[in-house]
Amino acid sequence: MVDVILGLQWGDEGKGKIVDFFAKDYDVVARFQGGPNAGHTLYVQDKKVVLHQIPSGVFHPGIINFIGNGVVLDPVTLKKECDTVASFGIDLKKNLFIAERTHLILPTHRALDKAAEISKGNQKIGSTLKGIGPTYMDKTGRNSLRVGDLLDKNFTTQYIKLRMKHQRLLDNYNFQEDITAWEEEFFEALEFLKQLNIVNGEYFINNQLKAGKRILAEGAQGSMLDIDFGTFPYVTSSNTISAGVCNGLGVAPQHIGDVIGVTKAYCTRVGSGPFPTELEDATGEELRKTGNEFGATTGRPRRCGWIDLVALNFACMINGVTKIVMTKADVLDAFAELEVCTAYQVDGKESREVPFQMGHRKPVPLYKKFAGWNTTTSQIKTVDELPATMKTYVSFINEYLGVDIHYISNGPGRDQLIQVK
Ligand code: GDP
Ligand code: IMO
Ligand code: MG
């Protein structure tokens with residue numbers, strides 16, 4: 001069976017911590033989409049680690065970590081990350097496996113990402129500039145190079161051909177930066193990548209399934225950043241939702257078990273695009289400060305606001321969420337009053353649906369107010385100790401979504417997770 005953990009909002013819901021927590025119950029942890037645009041924070045031996053491409057099960061000895069074909073892989077970031085992980089005594093030659101069909105992010109993809117963003121001016125996506133969009137474009141455009149191609153003697157010729165094509169595009173953008181150093185790093189990192197376990201991914205994962213192994217698929221980004229269902233064009237370039245697991249790993253839909261959706265107790269977004277419940281005031285600033293809401297990949301301040309049940313309901317629907325984990329409940333500790341968005345006003349009408357083109361329709365959030373819990377919750381270990389006001393908040397969300405919150409996270413630490421169901 002393949003269970004899935006994914007983000008229900010605009011990313012950074014705390015997926016890394018939750019995957020790390022649940023990983024002990026699985027044999028394989030697999031990334032199925034996205035690339036180094038992800039930044040998943042874990043605490044290992046009280047040290048903070050941010051993973052971008054390696055699955056968040058990597059700190060559990062004996063667990064296989066798998067990078068599936070749906071991922072776009074930057075060898076340079078991977079090499080750096082492998083060095084960090086190895087410094088904890090983890091042997092990646094034993095427990096990291098990469099699908100041959102995984103597409104490679106080239107230095108010119110990063111350059112194209114940057115050039116495209118500059119050309120968009122104030123309509124920029126706010127991309128992480130990791131080359132994600134251009135690499136997925138080359139995938140669907142049937143141009144790109146894959147990890148398996150590395151073992152082909154024609155790799156360099158294929159690289160030069162693609163690089164020349166990219167150069168013409170870069171010239172069009174009038175992109176002048178010298179990327180020689182990026183290319184040197186890239187070729188060095190390719191030699192490193194070749195030493196890792198490169199496998200026929202779909203057979204690899206299906207053989208694990210046949211052997212009765214338990215697999216956990218780790219989502220990156222969030223449902224509202226999905227290429228098809230997110231706030232297009234302010235999205236990432238992959239299917240971040242549960243359906244992405246099937247084509248991102250090569251597993252058939254009947255193997256999907258639980259879909260565990262992660263949401264913050266409030267909401268954040270980094271980068272441009274619509275965000276109906278955003279608070280551009282002192283309350284938003286307080287959420288950012290208390291929640292330490294700064295991007296794990298880019299360091300950018302995250303935009304903050306109240307929890308949006310219209311968007312969450314939409315995310316539960318398209319993902320088939322069976323269980324919810326609510327993170328960062330402790331961040332709301334000091335707020336006397338909380339607000340929950342229960343509907344949008346769109347074109348003068350009240351609606352519980354996410355409209356097409358949120359950016360143009362500009363939904364106005366309608367709120368229900370709740371009393372805050374006004375107490376420190378980060379030391380709490382059991383459901384019985386939770387303040388009654390938090391239980392009311394949680395029950396309302398459960399009822400609205402028709403899916404229950406099973407765990408509440410009350411701090412960044414590995415042990416700060418309370419089972420409530
Ligand atoms: P991801 O991309 O979904 O894995 O999330 P990020 O790692 O980008 O961002 C989540 C941030 O919140 C990280 O700094 C985590 O250490 C932190 N975090 C996770 N869960 C909690 C929580 O329950 N409370 C608090 N205060 N911080 C948390
Ligand atoms: P994790 O896995 C939050 C956002 C970017 C930008 C848009 C497109 O840590 O939750 P891209 O680089 O993909 O072309 O950027 O998506 N974005 C994320 N926001 N968390 C992430 O990953 C993100 N990955 C991309 O800020 O708005
Ligand atoms: Mg993140």
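Bear in mind these aren't lab numbers, they're just calculated from the coordinates by the rules spelled out. It should be emphasised that the depicted structure is a prediction, and the values quoted were computed from it without experimental measurement. For neighbour counting, all protein chains shown are included, and Cβ atoms are generated from backbone atoms with ideal geometry for every residue, glycine included.
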- Note on the structure: In nanometres, the difference between 0.36 nm per residue of separation and the alpha-carbon distance of residue 154 and residue 415 is 89.0 nm
- Item | Alpha-carbon centroid distance for the pair the stretch 1-47 / the stretch 190-238, whole angstrom | 12
- With unit charges on the beta carbon (Lys/Arg positive, Asp/Glu negative), name the residue among 126, 172, 216 whose Cα is farthest towards the positive pole of the charge dipole of the chain. 172
- So for the stretch 57-123, what are the equivalent ellipsoid semi-axes in whole Å, largest first, each being the square root of 5 times an eigenvalue of the Cα gyration tensor? 31, 14, 10
- Hey, got the dipole for the chain? About the Cα centre, +1 on K and R Cβ, -1 on D and E Cβ, debye to the nearest 20? 600
- Task: Give me Rg over Rh for the chain, both radii from the alpha carbons and Rh done the Kirkwood way, two decimal places.
- Result: 0.97
- Read phi for every residue in the stretch 110-124 and hand back ³J(HN,Hα) as whole Hz from Karplus 6.51 cos²θ - 1.76 cosθ + 1.60, θ = phi - 60°, with x for Gly and Pro. 5, 5, 5, 4, 5, 4, 5, 5, 4, 5, 7, x, 6, 9, 4
- According to the square roots a ≥ b ≥ c of the eigenvalues of the Cα gyration tensor, what is the shape class of the stretch 115-240, taking rounded for a/c under 1.5, prolate for a/b larger than b/c otherwise, and oblate for the remainder? oblate
- Could you pull out every one of the lysines with an alpha carbon less than 30 Å from that of residue 153, ignoring same-chain neighbours closer than 8 positions? 79, 80, 93, 94, 130, 139, 161, 165, 194
- Item | Residues of type lysines that residue 368 reaches as a straight line, Cα spacing below 25 Å, ignoring anything fewer than 8 places off in the same chain | 264, 289, 323, 328, 349, 391, 421
- Task: Go ahead and set up a Gaussian network model of the chain, Cα springs under 10 Å, then flag whichever of 257, 348, 244 fluctuates most.
- Result: 348
- Query: Given H placed on each backbone N at 1.01 Å, which residues far from residue 97 in sequence or on other chains put an amide H within less than 5 Å of it?
  - Reply: 65, 66, 67
- Item | Alpha carbon centroid spacing (whole Å) that separates the stretch 64-143 from the stretch 301-318 | 26
- Largest fluctuation, 11, 34, 89 only, Gaussian network model of the chain with Cα springs under 10 angstrom, belongs to 89
- Message: Taking a ≥ b ≥ c as the square roots of the Cα gyration tensor eigenvalues, with a/c under 1.5 meaning rounded and otherwise prolate when a/b beats b/c, else oblate, which class fits the stretch 335-421?
- Response: prolate
- Message: What does the charge count around residue 245 come to, taking other residues whose C-beta lies under 13 Å from its C-beta (Lys +1, Arg +1, Asp -1, Glu -1)?
- Response: -4
- Message: Which GluC sites (Glu not before Pro) in the stretch 167-203 sit in a loop by DSSP (not H, G, I, E or B) and have at most 11 other Cβ atoms within 10 Å of their own Cβ?
- Response: 177
- Calc'd 3J(HN,Hα), the stretch 410-421, phi into Karplus 6.51 cos²θ - 1.76 cosθ + 1.60 (θ = phi - 60°), Hz, glycine/Pro = x, comes to 10, x, x, x, 4, 9, 8, 8, 10, 7, 10, 9
- How high is the relative contact order of the chain, given as a whole-number percent (alpha carbon pairs under 8 Å, six or more residues apart)? 20
